[in-house]
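Here the structure is laid out as C-alpha coordinates; the discussion comes afterwards.
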Amino acid sequence: TWEIDDPSIAAISPLGDKCYIVPKVPGQARLIVRHADSTYDKNVLILVGKTQEDIDGLSYLTTTQNVVRMVTGTQQTVSVRLSGTSETSAADYAWTSDNPSVLQIVDNGATAVLSGITAGVARVTVKHASCVYPLDITVIISNTLQDASSNPYITSGQNILTVTKDGASKNLSVTLAG
(Lines give C-alpha, C1' and ligand atoms only; values in the text may rest on other atoms or scores of the structure.)
Protein backbone atom coordinates (compact mmCIF):
# COMPACT_ATOMS: atom_id res chain seq x y z
CA THR A 1 0.00 0.00 0.00
CA TRP A 2 1.01 3.60 -0.60
CA GLU A 3 0.37 6.62 1.59
CA ILE A 4 1.58 10.22 1.74
CA ASP A 5 1.64 11.92 5.13
CA ASP A 6 0.87 15.39 3.76
CA PRO A 7 -1.38 15.31 0.66
CA SER A 8 -1.31 19.13 0.51
CA ILE A 9 2.34 18.91 -0.70
CA ALA A 10 1.92 16.25 -3.41
CA ALA A 11 -0.73 13.92 -4.78
CA ILE A 12 -0.03 10.24 -5.34
CA SER A 13 -1.50 7.75 -7.79
CA PRO A 14 -0.49 4.20 -6.81
CA LEU A 15 -0.43 1.53 -9.49
CA GLY A 16 0.85 -1.83 -8.18
CA ASP A 17 4.57 -1.57 -7.51
CA LYS A 18 4.71 1.97 -8.96
CA CYS A 19 3.40 5.28 -7.72
CA TYR A 20 3.08 8.56 -9.60
CA ILE A 21 3.81 11.70 -7.61
CA VAL A 22 2.33 15.05 -8.68
CA PRO A 23 3.67 18.20 -6.93
CA LYS A 24 1.16 20.66 -5.46
CA VAL A 25 2.91 23.23 -3.25
CA PRO A 26 6.48 23.72 -1.99
CA GLY A 27 7.48 21.72 1.08
CA GLN A 28 8.37 18.23 2.29
CA ALA A 29 6.26 15.10 2.64
CA ARG A 30 6.90 11.46 3.41
CA LEU A 31 5.73 8.74 1.04
CA ILE A 32 5.17 5.49 2.95
CA VAL A 33 5.18 2.11 1.19
CA ARG A 34 3.96 -1.01 3.02
CA HIS A 35 4.01 -4.71 2.18
CA ALA A 36 2.64 -7.54 4.30
CA ASP A 37 5.87 -9.56 3.99
CA SER A 38 8.18 -6.71 5.00
CA THR A 39 9.04 -6.06 8.65
CA TYR A 40 9.36 -2.33 8.02
CA ASP A 41 7.73 0.28 5.79
CA LYS A 42 9.79 2.03 3.12
CA ASN A 43 9.87 5.82 3.59
CA VAL A 44 10.70 8.09 0.67
CA LEU A 45 11.17 11.81 1.21
CA ILE A 46 9.32 14.00 -1.30
CA LEU A 47 10.82 17.48 -1.76
CA VAL A 48 8.70 20.00 -3.67
CA GLY A 49 9.79 23.51 -4.65
CA LYS A 50 8.82 26.17 -7.17
CA THR A 51 12.38 25.99 -8.47
CA GLN A 52 15.40 23.73 -7.97
CA GLU A 53 16.88 26.47 -5.75
CA ASP A 54 13.88 26.11 -3.41
CA ILE A 55 14.51 22.38 -3.19
CA ASP A 56 18.23 22.91 -2.58
CA GLY A 57 17.31 25.02 0.48
CA LEU A 58 15.28 22.22 2.16
CA SER A 59 17.12 20.44 4.99
CA TYR A 60 17.18 16.63 4.98
CA LEU A 61 19.37 13.64 5.80
CA THR A 62 20.47 11.10 3.22
CA THR A 63 22.71 8.02 3.06
CA THR A 64 23.94 5.47 0.56
CA GLN A 65 23.25 2.71 3.10
CA ASN A 66 19.47 2.50 3.61
CA VAL A 67 19.73 -1.27 4.12
CA VAL A 68 22.69 -2.74 5.98
CA ARG A 69 23.34 -6.50 6.16
CA MET A 70 25.63 -7.73 8.91
CA VAL A 71 26.77 -10.98 10.47
CA THR A 72 26.35 -11.45 14.22
CA GLY A 73 29.44 -10.26 16.10
CA THR A 74 30.61 -7.85 13.40
CA GLN A 75 30.67 -4.07 13.16
CA GLN A 76 29.91 -1.71 10.32
CA THR A 77 30.36 2.02 9.99
CA VAL A 78 27.43 3.96 8.54
CA SER A 79 27.40 7.64 7.56
CA VAL A 80 24.64 10.09 6.76
CA ARG A 81 24.86 13.39 4.93
CA LEU A 82 23.05 16.61 5.83
CA SER A 83 21.75 18.53 2.78
CA GLY A 84 20.21 21.97 2.51
CA THR A 85 21.95 23.53 5.48
CA SER A 86 25.44 24.10 6.81
CA GLU A 87 27.09 21.32 8.76
CA THR A 88 26.47 21.67 12.47
CA SER A 89 27.81 20.12 15.64
CA ALA A 90 27.78 16.40 16.35
CA ALA A 91 25.28 17.05 19.16
CA ASP A 92 22.61 17.95 16.56
CA TYR A 93 22.44 14.29 15.47
CA ALA A 94 20.57 11.57 17.37
CA TRP A 95 20.88 7.88 16.44
CA THR A 96 18.50 5.27 17.94
CA SER A 97 17.63 1.63 17.35
CA ASP A 98 14.14 0.21 17.79
CA ASN A 99 15.71 -3.14 18.76
CA PRO A 100 18.73 -2.54 21.05
CA SER A 101 18.89 -6.23 22.01
CA VAL A 102 19.92 -6.96 18.40
CA LEU A 103 21.97 -3.89 17.50
CA GLN A 104 24.26 -1.54 19.43
CA ILE A 105 25.03 1.96 18.11
CA VAL A 106 28.03 4.13 18.97
CA ASP A 107 27.54 7.44 17.19
CA ASN A 108 29.54 10.59 16.63
CA GLY A 109 27.67 13.18 14.60
CA ALA A 110 27.01 12.04 11.04
CA THR A 111 28.77 8.67 11.53
CA ALA A 112 27.99 5.65 13.68
CA VAL A 113 29.45 2.23 14.27
CA LEU A 114 26.79 -0.49 14.32
CA SER A 115 27.49 -3.72 16.22
CA GLY A 116 25.43 -6.81 15.50
CA ILE A 117 24.68 -8.48 18.85
CA THR A 118 22.35 -11.28 17.78
CA ALA A 119 20.38 -12.30 14.69
CA GLY A 120 17.36 -10.12 13.95
CA VAL A 121 16.19 -6.96 12.25
CA ALA A 122 16.39 -3.42 13.59
CA ARG A 123 15.48 0.01 12.32
CA VAL A 124 18.01 2.73 13.01
CA THR A 125 16.50 6.21 13.08
CA VAL A 126 18.76 9.22 12.59
CA LYS A 127 17.42 12.66 13.50
CA HIS A 128 18.96 16.07 13.04
CA ALA A 129 17.88 19.33 14.69
CA SER A 130 17.54 21.07 11.28
CA CYS A 131 15.47 18.36 9.57
CA VAL A 132 11.70 17.90 9.52
CA TYR A 133 11.94 14.15 8.90
CA PRO A 134 14.29 11.53 10.32
CA LEU A 135 16.23 9.09 8.17
CA ASP A 136 15.54 5.36 8.62
CA ILE A 137 18.09 2.61 8.01
CA THR A 138 17.08 -1.06 8.08
CA VAL A 139 19.72 -3.34 9.59
CA ILE A 140 19.52 -7.10 9.04
CA ILE A 141 21.77 -9.13 11.34
CA SER A 142 22.20 -12.81 10.56
CA ASN A 143 24.32 -15.70 11.74
CA THR A 144 25.64 -15.99 8.16
CA LEU A 145 25.25 -13.73 5.12
CA GLN A 146 23.07 -16.39 3.47
CA ASP A 147 20.57 -16.19 6.37
CA ALA A 148 19.92 -12.52 5.56
CA SER A 149 17.63 -13.48 2.65
CA SER A 150 15.02 -14.72 5.13
CA ASN A 151 14.23 -11.09 6.08
CA PRO A 152 12.46 -9.41 3.14
CA TYR A 153 12.38 -5.63 2.88
CA ILE A 154 11.03 -2.99 0.50
CA THR A 155 13.59 -1.24 -1.66
CA SER A 156 13.62 1.34 -4.44
CA GLY A 157 16.18 3.11 -6.57
CA GLN A 158 15.26 6.41 -4.91
CA ASN A 159 15.05 7.41 -1.27
CA ILE A 160 14.53 11.09 -2.03
CA LEU A 161 12.39 12.34 -4.90
CA THR A 162 12.51 16.00 -5.95
CA VAL A 163 9.76 17.61 -8.01
CA THR A 164 9.10 21.22 -8.91
CA LYS A 165 5.65 22.76 -8.73
CA ASP A 166 4.15 22.95 -12.20
CA GLY A 167 6.85 20.49 -13.28
CA ALA A 168 6.21 17.02 -14.60
CA SER A 169 5.01 14.30 -12.27
CA LYS A 170 7.53 11.58 -11.44
CA ASN A 171 7.12 7.92 -10.70
CA LEU A 172 8.67 5.66 -8.10
CA SER A 173 9.02 1.89 -8.39
CA VAL A 174 9.57 -0.46 -5.46
CA THR A 175 10.65 -4.09 -5.08
CA LEU A 176 10.35 -6.62 -2.29
CA ALA A 177 13.94 -7.84 -1.77
CA GLY A 178 15.56 -10.42 0.45
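The values are calculated or read from the model by the stated rules, or taken from the named source; none is laboratory data. Everything numeric here is computed off the predicted structure, so don't read it as measured data. The area values use the complete protein model at the heavy-atom level, side chains included, leaving out ligands, DNA and RNA. Shrake-Rupley method; radii C 1.70, N 1.55, O 1.52, S 1.80 Å.
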Exercise. Could you work out how far the C-alpha centroid of the stretch 57-83 sits from that of the stretch 1-43, in angstrom?
Key: 22
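Heavy atoms only, probe 1.4 angstrom, no DNA, RNA or ligands counted: give me THR62, THR96, THR144 ranked by accessible area, highest first.
Details: THR62 25, THR96 75, THR144 55 Å².
From most accessible down to least: THR96, THR144, THR62.
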Quiz item: Tell me which aspartates and glutamates have Cα within less than 14 Å of LYS18's Cα, excluding those fewer than 8 residues away on the same chain?
Solution: GLU3
Self-check item: Whole-Hz couplings from phi, Karplus 6.51/-1.76/1.60, listed for the stretch 92-97; x for Gly and Pro
Solution: 6, 9, 9, 10, 9, 10
Practice problem: Would you mind getting the Kirkwood hydrodynamic radius of the chain from its Cα pairs, rounded to one decimal in Å? | Solution: 17.0
Practice problem: Determine the alpha carbon to alpha carbon distance for each of LYS127/LYS170; LYS50/LYS170; LYS42/LYS127; LYS50/LYS127 and list only those over 24 Å. | Solution: LYS127/LYS170; LYS50/LYS127
Quiz item: Largest first, what is the accessible-area ranking of ARG81, ARG123, ARG69 with a 1.4 Å probe?
Solution: ARG81, ARG69, ARG123
Quiz item: Using a 1.4 angstrom probe with every protein chain in place, what is the largest-first accessible-area order of CYS19, CYS131?
Solution: CYS131, CYS19
